[in-house]
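Worksheet: the structure to be examined is printed underneath.
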Amino acid sequence: MADLLVVGGGMAGLAAAAAAAQAGAKVTVVEKNRKPGGSAAMSAGIVWTAPDFETLRRVVPAGDPALGRALIDGFWPGVEWVRSTGVSVSERWEGQMGFGSAVRVDVPALLAAWQDGIESAGGLVMVGSPARRLTTDRAGRVTGAEVDTAEGPRELRADSVLLATGGFQGDPELLVTFIGPGAGAMLVRSNRGSVGDGFRLGRGAGASASRCLDGFYGHLVPSPLAELREDQYLGLTQYYSNHCMLVNRLGRRFTDESLGDEVSNQATLRQPGARAVLLCDERIRTAFAVTAPYPHGQVIDRMAAARAAGGRYVSARTKVELIEAVASWGVARRTLAATIDQWAAASAGDDDALDVARAARPEPFLDPPFHALELQPAVTFPFGGLRVDADGRVLDRDGGPVPGLFAAGADAGGLQDLRYVGGLALGLVFGPRAALTAIKETTGAATNG
């Protein structure tokens with residue numbers, strides 16, 4: 001019998017198990033895929049969040065403030081814990097996603113170090129072992145899980161269970177249920193095995209759902225594209241769209257692009273056909289579309305990569321030619337022309353020219369050639385999940401803890417709303433926090449008993 005059973009072997013799950021093992025607990029991790037890592041292993045390794053609580057609350061005012069405070073308080077100690085493993089951690093920089101503080105971590109090396117620490121302490125990391133159901137005692141306390149293994153079904157017992165299966169972005173049913181119509185057709189730019197296992201397991205044990213269920217993190221990628229391969233996740237992401245104009249098929253702007261590509265990504269899902277067209281001039285393309293989007297990022301011509309992948313793209317010598325080309329894609333010609341004129345007026349200083357205001361003045365649209373790229377939304381993980389408190393206890397509908405059950409990472413929702421304040425950071429901070437809370441509570445219960 002384990003002190004802690006962790007369901008999921010990605011960033012949150014391995015961080016939780018490693019922290020528990022360091023604290024002397026007996027830990028078992030069950031991972032459904034053939035190797036651990038989850039979405040973290042596919043990432044660029046940027047570990048970041050808001051620099052302080054005030055900034056975080058300004059960016060995600062509808063998120064749970066207790067979770068936000070815990071994230072801020074635990075972030076830099078978490079980074080120092082990563083450094084202590086000996087893996088590469090870069091210098092700190094500011095301005096990630098426009099406001100955040102960040103470092104780049106060698107995530108594959110970190111995941112390997114955590115797994116080695118777990119196993120060196122006598123713990124188990126079982127791959128190809130999906131959890132099918134949580135077990136409970138007569139009082140309703142979670143006591144373990146039924147798991148499929150290579151040797152057949154097994155019941156694994158533990159003092160506490162921590163869910164860290166990575167969210168439900170791979171499940172069209174849950175996407176449509178919570179995010180809305182069309183969400184089930186979005187391309188997935190993360191671990192496709194994250195299909196809501198933790199969410200369903202938790203709900204089956206009496207857990208309630210979090211706030212912010214209709215929000216999600218992702219980025220705009222080229223259209224039409226029927227699938228998104230893992231090797232394309234970063235190269236086809238149009239990070240620079242915050243410097244550009246985005247229009248829908250009606251020819252109208254529909255979002256404040258300056259808030260970030262990840263915000264425009266959500267807005268695009270709710271447009272006709274769930275499509276947008278990005279427009280920019282040559283100056284913007286040269287300054288932002290062919291440069292690294294952040295320190296240590298890929299230097300790649302993202303428009304050229306989009307075209308090579310089959311994306312709908314055009315470059316034109318004049319605005320008139322550009323409008324004609326984009327109109328042939330099904331975008332309203334006259335409205336598009338009027339929108340471009342409004343953008344020009346706003347970039348020249350007319351603050352009332354835009355139908356949809358921007359927090360930052362539009363970049364001029366002057367230098368030929370002019371570029372257009374059709375885009376579609378993609379999902380990395382949902383902002384909603386199981387309802388938890390700041391220590392990772394899973395909560396029921398009355399706000400009380402489900403005894404013996406914890407969650408972290410993308411399985412725990414409610415911190416982020418429309419905007420994004422971190423992904424890997426959630427696993428780094430809340431995985432260990434939940435694991436250590438679980439150990440403390442069960443150790444205390446045993447002592448008191």
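Things to note:
- Strands (runs of 3 or more DSSP E) fully within the stretch 321-409 counting 1 or more residues that are on the phi > 0 side of the Ramachandran plot: 401-407
- V314 vs. criteria of a type in the set (V, I, T) and not in a loop (DSSP other than H, G, I, E, B): yes
- Positions within the stretch 98-133 being at positive phi and in contact with a Ser or Thr (Cβ under 7 Å, 6 or more places away or on another chain), in sequence order: none
- Checked against the criteria, G413 does not count as outside the structural domain of F288 (by TED's automatic domain parsing) and touching a helix residue (DSSP H, G or I) at 6+ places or on another chain (Cβ under 8 Å).
- When G98 is tested against (1) assigned to a helix (DSSP H, G or I); (2) modelled with pLDDT under 95; (3) small (G, A, S), exactly one condition is not met: (1).
- Verdict on P368 being closer than 19 Å to A205 by Cα and surrounded by fewer than 24 Cβ atoms within 10 Å (Cβ to Cβ): no
- Residue within the stretch 1-17 that is within 20 Å of R132 (Cα to Cα) and modelled with pLDDT under 95 present: yes
- Screening G310 with (1) within 13 Å of E374 (Cα to Cα); (2) surrounded by 16 or more Cβ atoms within 10 Å (Cβ to Cβ); (3) of a type outside the set (D, E) gives one miss only, at (2).
- Residue list for the stretch 37-59, restricted to those being buried (at least 24 other Cβ atoms within 10 Å of the Cβ) and either among the basic types (K, R) or closer than 28 Å to R192 by Cα (or both): G38, S39, A40, I46, V47, W48, T49, A50
- Long-range neighbours under 9 Å by Cβ, at least six apart or interchain, first residue buried (at least 18 other Cβ atoms within 10 Å of the Cβ) within the stretch 420-449, second at pLDDT 95 or above and among the basic types (K, R): A434/R393; T437/R393; A438/R393; E441/R393
- Checked against (1) over 22 Å from G202 (Cα atoms); (2) touching a helix residue (DSSP H, G or I) at 6+ places or on another chain (Cβ under 8 Å); (3) in contact (Cβ under 8 Å) with a residue 12 or more places away in the chain, V59 passes all but condition (2).
- Selected residue (criterion: surrounded by the most Cβ atoms within 10 Å (Cβ to Cβ)) from residues of the stretch 334-354 that are under 33 Å from the mean Cα position of the chain (by Cα) and not aromatic (F, W, Y): L336
Conditions tested, residue by residue: (1) buried (at least 21 other Cβ atoms within 10 Å of the Cβ); (2) touching a helix residue (DSSP H, G or I) at 6+ places or on another chain (Cβ under 9 Å); (3) assigned to a loop (DSSP other than H, G, I, E, B); (4) of a type outside the set (G, A, S).
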site	(1), (2), (3), (4)
N242	yes, yes, no, yes
L250	no, yes, yes, yes
Q266	yes, no, no, yes
L278	yes, yes, no, yes
R285	yes, yes, no, yes
T291	no, yes, yes, yes
P295	no, no, yes, yes
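- Put simply, of I118, I179 the only residue that is at pLDDT 95 or above, closer than 14 Å to G9 by Cα and of a type outside the set (F, W, Y) is I118.
- Taking the stretch 301-359 as the range and being aromatic (F, W, Y) and over 20 Å from D261 (Cα atoms) as the test, only W329 passes.
- Filter pass, R419 being part of a loop (DSSP other than H, G, I, E, B), of a type in the set (K, R) and under 29 Å from L134 (Cα atoms): no
- Residue check for A274: surrounded by fewer than 22 Cβ atoms within 10 Å (Cβ to Cβ), touching a residue at least 24 places away in the same chain (Cβ under 8 Å) and touching a Leu at 6+ places or on another chain (Cβ under 6 Å): no
The values are calculated or read from the model by the stated rules, or taken from the named source; none is laboratory data. On a predicted model such as this, the values are computed, not experimentally measured, just so you know. Note that we place each Cβ from the backbone using ideal geometry, even for glycine, and neighbour counts take in every protein chain shown.
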